[in-house]
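Student: Submitted below is the structure of interest, expressed as structure tokens.
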Amino acid sequence: RLFDLDPDLLPLFQYNCKQFASPQECLSAPEFLDHIRKVMLVIDAAVSHLENLSCLEEYLCNLGKKHQAVGVKVESFSTVGESLLYMLEKCLGAAFSPEVQEAWSKLYSAVVKAMQRGWETLPEGD
């Protein structure tokens, strides 16, 4: 769903300088699947530390810096969030109530805000 929502994200996923010809090629690449596992580990860490997300602040900030360094735009995280909610809705079915959706949205938003703090701000006028 990610590349359906924003096909411009595909070029960000280049492993060993290989550019994927199609979203399907990227989605089946072992490196992309490994990236998805890492994303889910971040989500798992956030869920595990739900009562104290601030303990993940430095880690998430550094993760934001890494994403910035490879050309990810902050706006792209809303597309990732939409894809995450879509996946949860498909997996949970009727259990994906409006309350569950709101809770996941809040958690994801908190993770993204912490990652955004890793972006370097440009000086005024640049």
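The values are calculated or read from the model by the stated rules, or taken from the named source; none is laboratory data. What you see is a predicted model, and the numbers here were worked out from it, not measured in a lab. Heads up, the Cβs are rebuilt from the backbone with ideal geometry, glycines too, and the neighbour counts pull from every protein chain shown. Note: accessible area is taken over every heavy atom of the protein model, side chains too, but ligands, DNA and RNA are not part of it. Shrake-Rupley method; radii C 1.70, N 1.55, O 1.52, S 1.80 Å.
Student: Could you count how many residues in the stretch 19-38 are farther than 23 Å from residue 63 by Cβ and either assigned to a helix (DSSP H, G or I) or open to solvent by 70 Å² or more (accessible area, probe 1.4 Å) (or both)?
Tutor: The number of residues fulfilling the criteria is 6.
Student: I need a count of the residues in the stretch 1-18 that are farther than 17 Å from residue 73 by Cα and either open to solvent by less than 70 Å² (accessible area, probe 1.4 Å) or among the aliphatic types (A, V, I, L, M) (or both). Before you say what the answer is, go through the steps one by one.
Tutor: Restricting attention to the stretch 1-18, the residues satisfying the condition of being farther than 17 Å from residue 73 by Cα are 1, 4, 15-18.
Those still in the list that are either open to solvent by less than 70 Å² (accessible area, probe 1.4 Å) or among the aliphatic types (A, V, I, L, M) (or both) too: 15.
Selection size over the stretch 1-18: 1.
Student: Follow-up question, since we're still on this one. All but one of (1) of a type outside the set (S, T, N, Q); (2) in a helix (DSSP H, G or I); (3) out of contact with any strand residue (DSSP E or B) (no Cβ under 7 Å at 6 or more places or on another chain) hold for residue 74; which doesn't?
Tutor: Evaluating residue 74 over (1) of a type outside the set (S, T, N, Q); (2) in a helix (DSSP H, G or I); (3) out of contact with any strand residue (DSSP E or B) (no Cβ under 7 Å at 6 or more places or on another chain) leaves (2) as the failure.
Student: Which residue, of 53, 41, 60, is part of a helix (DSSP H, G or I), at pLDDT below 90 and out of contact with any Gly (no Cβ under 6 Å at 6 or more places or on another chain)? If you could, list the steps in order and put the result at the bottom.
Tutor: Values: 41 fails: at pLDDT below 90; 60 fails: at pLDDT below 90.
Residue meeting the stated conditions: 53.
Student: Restricting to the stretch 88-108, give me the number of residues that are open to solvent by less than 70 Å² (accessible area, probe 1.4 Å), in a helix (DSSP H, G or I) and either under 14 Å from residue 39 (Cα atoms) or hydrophobic (A, V, I, L, M, F, W, C) (or both).
Tutor: Restricting attention to the stretch 88-108, the residues satisfying the condition of being open to solvent by less than 70 Å² (accessible area, probe 1.4 Å) are 88, 93, 95-97, 100, 103-105, 107-108.
Remaining after also requiring in a helix (DSSP H, G or I): 88, 93, 95, 100, 103-105, 107-108.
Adding the requirement that they be either under 14 Å from residue 39 (Cα atoms) or hydrophobic (A, V, I, L, M, F, W, C) (or both) leaves 88, 95, 100, 103-104, 107-108.
Within the stretch 88-108, residues that are open to solvent by less than 70 Å² (accessible area, probe 1.4 Å), in a helix (DSSP H, G or I) and either under 14 Å from residue 39 (Cα atoms) or hydrophobic (A, V, I, L, M, F, W, C) (or both) number 7.
Student: Considering the stretch 66-111 alone, what residues qualify as being out of contact with any Gly (no Cβ under 6 Å at 6 or more places or on another chain) and among the aromatic types (Phe, Trp, Tyr)? Working first, answer last.
Tutor: Applying the first criterion (out of contact with any Gly (no Cβ under 6 Å at 6 or more places or on another chain)) to the stretch 66-111 yields 66-107, 109-111.
Of everything in the stretch 66-111, those that are out of contact with any Gly (no Cβ under 6 Å at 6 or more places or on another chain) and among the aromatic types (Phe, Trp, Tyr) turn out to be 77, 86, 96, 104.
Student: Tell me which residues, restricted to the stretch 42-56, are touching a residue at least 24 places away in the same chain (Cβ under 8 Å) and exposed (fewer than 14 other Cβ atoms within 10 Å of the Cβ).
Tutor: Step one: list which residues in the stretch 42-56 are touching a residue at least 24 places away in the same chain (Cβ under 8 Å), which gives 42-43, 46-47, 50, 53, 56.
Answer for the stretch 42-56, where residues must be touching a residue at least 24 places away in the same chain (Cβ under 8 Å) and exposed (fewer than 14 other Cβ atoms within 10 Å of the Cβ): 47, 50.
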